[in-house]
Amino acid sequence: MPAPDFTSANVGAAVDDDSYVLHVDHYWHAKQLHRNGQRITSPSIKAAGCSWRIHYYPNGISSACKDYISISVALEGLNSRVSEPIKACWSRFTLLDQAREPVAGHSVYTDVMESSKAGASHSCDLFIRKKFLEASEHLVDGCFIIQWDIFVDRAAPPSDDMLGTDVVFQVGGVEFSVHRSVLAARSSVFEAELSSTTREGSTAARDCIRIDDMLPEVFESLLHFAYSDSVPDMDGTQGPMIAEHLLVAADRFDMKELKLICEEKLCSNINGDTIANMLRFAEQHQCRFLRDACIEFLEDPPVLQVVMATDDDLLELVAKSCPVLLKELWANDGDDTMLDELAMCS
C-alpha cells in the first residue's frame, strides 16, 4: 500500500508552525485492507523544527470510532532531536475540497501535547465520518485531500505550583489565579482575550477578567482540564448535567478536546426520555458526534415513531437534522399525513 503523499507549505511567525497538504490515495483499498485500529504511517516529515509521522486510520483508531476516519501525529523517535523543550504542541486537520478550499464543519483541532519525548502524539479520533466522505464530491477516484497545520510553542513551561500566575478570573464571585500561557495554549478564545488585555496594558499587578454567566464549579473543572488534561467525575445522577454545563463552557472557549469528552459522556445517556432534548442540545452547540449518536438512536422507525408521539416539536427538528429519516419513516408507515407534515418542515 503506497504511503500518503505530502507537500510542504508556508511557515508562520508567532509560534513555530507549518502547513502541509496530505493527499490520501487508495481510499477504498485501504478501507478494505485495514481493520479498525490499524493504521498507515507516513514517511518522516520535518515541521516546526521537529520530525513527525502521520498515522492514518481508514476505519478508526478504536471501536468507538469505527464509523470515522481517525488521524494522528507523533513526534518521531531516536533520530529526532528537539533543540528546545516543547511547552505545548497541537495540530489542526482540515478536509479540503478538490479546489483545496476548506470544507465547512470539517476542521478539527487535536488535543494539546505538552511533551518533547519521542513517540508523544495527539490525534483526531473522529475526523471524518466515512459515510459523509463517500457520498461527497470530495472523494474522487479514491483520493481526498487533507491539510495539516502544526503549531509548536517553545516558551518556558509554567511552574508546577500556582506561583507565577499572571491573570485572575472572577467567576460568580469566586477568584481563580491562573497562568496566562497555559490558557492561551489550550484555547484560541483565551489566547485572543488574554492577548488583548496584554496589548491594552493594566495598572494592576495582575489582570482581572470577570465572567458572570458561568458557575464557578464549571470554570474550576475547565481549568482542571487545562492544567491536567483530565476531567472531573461525571458519573452518577448529576453526571449528564455536569457534562452539559462543561460542554457549553468548552464550546464557548473553543476547547475542542474537552467538548468531545463531554459529548462522549452525553452519548451514554441517550434514551427514549432524553433523546429529544439531547438532539436539540447537539444542534444548538454544533456537537457533531452527539448529533450523529442521536440520529443513530432514531434510525429504527418504530423508535422514531414512539419518540415523535411524545414530542410535537421533534418532527421539525429531525427534518432539519436528518430529513432522510423522516422519508424512511413515511415509506414504512405509508401515512399521507406524515408526508404532508414532512413537506411543511422542509
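The values are calculated or read from the model by the stated rules, or taken from the named source; none is laboratory data. Quick caveat, the model's predicted, so the values are computed rather than measured. Here the Cβ positions follow ideal geometry from the backbone for every residue, glycine too, while neighbour counts run over all protein chains shown.
Taking first residues from the stretch 267-280 that are more than 15 Å from V306 (Cα to Cα) and partners that are outside any helix (DSSP H, G or I), the Cβ contacts under 7 Å between residues at least 6 apart in sequence or on separate chains come to M278/I270. All but one of (1) modelled with pLDDT of 70 or more; (2) over 31 Å from the mean Cα position of the chain (by Cα); (3) surrounded by fewer than 14 Cβ atoms within 10 Å (Cβ to Cβ) hold for Q284; which doesn't? The one condition Q284 does not meet is (2).
Condition first: within 21 Å of D166 (Cα to Cα) and buried (at least 16 other Cβ atoms within 10 Å of the Cβ). Can you find one or more residues in the stretch 258-272 that meet it? No.
In summary, helices (runs of 4 or more DSSP H) completely within the stretch 221-304 and bearing 3 or more residues that are out of contact with any strand residue (DSSP E or B) (no Cβ under 8 Å at 6 or more places or on another chain) and closer than 19 Å to C124 by Cα occur at 239-252, 256-267, 288-297.
With respect to (1) of a type in the set (D, E, K, R); (2) closer than 28 Å to E316 by Cα; (3) outside any loop (DSSP other than H, G, I, E, B), the lone exception for E217 is condition (2).
The single residue among G77, G119, G60 that is of a type outside the set (S, T, Y) and either at pLDDT 80 or above or not in a loop (DSSP other than H, G, I, E, B) (or both) turns out to be G60.
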